[in-house]
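What follows is calculated from the coordinates using simple rules that are stated; it is not laboratory data. This structure is a prediction, so every number in the text was calculated from the model and none was measured. Cβ placement follows ideal geometry from the backbone for every residue including glycine, while neighbour counts extend to all protein chains displayed.
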Amino acid sequence: MSTTHQAASAAAAGSPLRVVLAAEALRFTWPGGKTPCIDIEAFRIAAGESVFLHGPSGCGKSTLLSLLAGVLVADEGRVMLLGHDWSQLSGTQRDRSRVAHVGYIFQQFNLLPYLSVLDNVLLPCRFSARREAQASRNGNSRAEAEHLLDQMGLDRNLWKRQALQLSVGQQQRVAAARALIGQPEVVIADEPTSALDEDRREAFLDVLLTACVENHSALVFVSHDQRIAQRFARHVLLPEINRAATSAMAVDA
């Protein structure tokens, strides 16, 4: 069942979708900045929802993702993950909560260059008992990592290689497998298809969207590629909700 059909079915049945990620009165200014780059009154994402987040360069997309994932902490307002306010947690607590509940595909991938492909995918399981338990439900976490890499179309002869030996497109697929392992409640993806050709891009999206539906994971997906927007149930143009981005959109137009 597609994410759109899933949401429609829940609405028709009268069952409310559980909010897993929420921003309220959110404001953030980079150190040394004079004005906020993020000014959002409200933004909520439900379990199982797929969100295509787009907008011109400089409107705050990557910054918002970092705030949603607790990598950055807001100056004002709050971001709630599963009902917990990131700003009320210590740095160590945020790191633990993120690895347990959030799969993050960073724009620069953030793979550990000297670890093997398999060991990079397994990192969330090494640092989170929850992710390890979820990944081991049908066997063991290594088997789940191998299954995800197979789905991503990464040749098996690459799995024992160090991450630094891979092409950019191959690294993107490893980063996606790492984000999905252990069924996190939220998956955040920052331009994850930028280095993939059309066939690889479509196959990648098939795996990502199917996994999020099956795991009932919320997906926040940032991309400039409007060709793939139709595959997502909800579209958000960031300058429409980020009052600080109005000038950026005007300059880009």
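Measuring r between the beta carbons of D197 and E24 and using R0 = 41 Å, the FRET efficiency lands at 0.55.
If R0 equals 22 Å, the separation of the Cβ atoms of R161 and Q108 corresponds to a calculated FRET efficiency of about 0.70.
Which helices pass in the chain if a helix is a full DSSP H run, must span at least 24 angstrom along its long axis by Cα, and must have mean Kyte-Doolittle hydropathy not below -1.0? If you can, show how the numbers build up before the last one.
On the way: long enough: 198-215 (25 Å, -0.11).
Membrane-span-like by this criterion, though nothing is claimed about a membrane: 198-215.
If R0 is 35 Å, the Cβ-Cβ spacing of D150 and S62 corresponds to a FRET efficiency of close to 0.70. Footprinting exposure proxy ranking of I45, I38, fewest other C-beta atoms within 10 angstrom first, gives I45, I38. Farthest toward the positive end of the dipole of the chain, out of S136, I38, F204, is the Cα of S136, where the dipole comes from beta carbon charges about the Cα centre.
Compactness of region 137-246, taken as the C-alpha radius of gyration over 2.2 N^0.38 Å, stands at 1.16. Specify whether the C-alpha gyration tensor of the chain places it in the rounded, prolate or oblate class, a ≥ b ≥ c being the square roots of the eigenvalues: rounded for a/c under 1.5, otherwise prolate if a/b is larger than b/c and oblate if not. Rounded, because the longest to shortest axis ratio a/c is under 1.5. Measuring how big region 35-129 is from its alpha-carbon positions, Rg and Dmax come out at 14.8, 43 Å. Placing +1 on the Cβ of every Lys and Arg and -1 on the Cβ of every Asp and Glu, with nothing else charged, gives the chain a dipole about its Cα centre of roughly 520 debye. Using only helices, what value at 222 nm comes out for the chain when you add -39,500 (n - 2.57) per DSSP H run of length 4 or more and divide by the total residues, to the nearest 500 deg cm²/dmol? The helix-only estimate for the chain comes to -11000 deg cm²/dmol at 222 nm.
Structure remark: mean-square fluctuation, Gaussian network model of the chain, C-alpha springs under 10 Å; the largest value among N157, N120, N140 belongs to N157. You can think of it this way: the chain between Q230 and S87 has 48.1 nm of extra reach, that is 0.36 nm per residue less the Cα-Cα gap.
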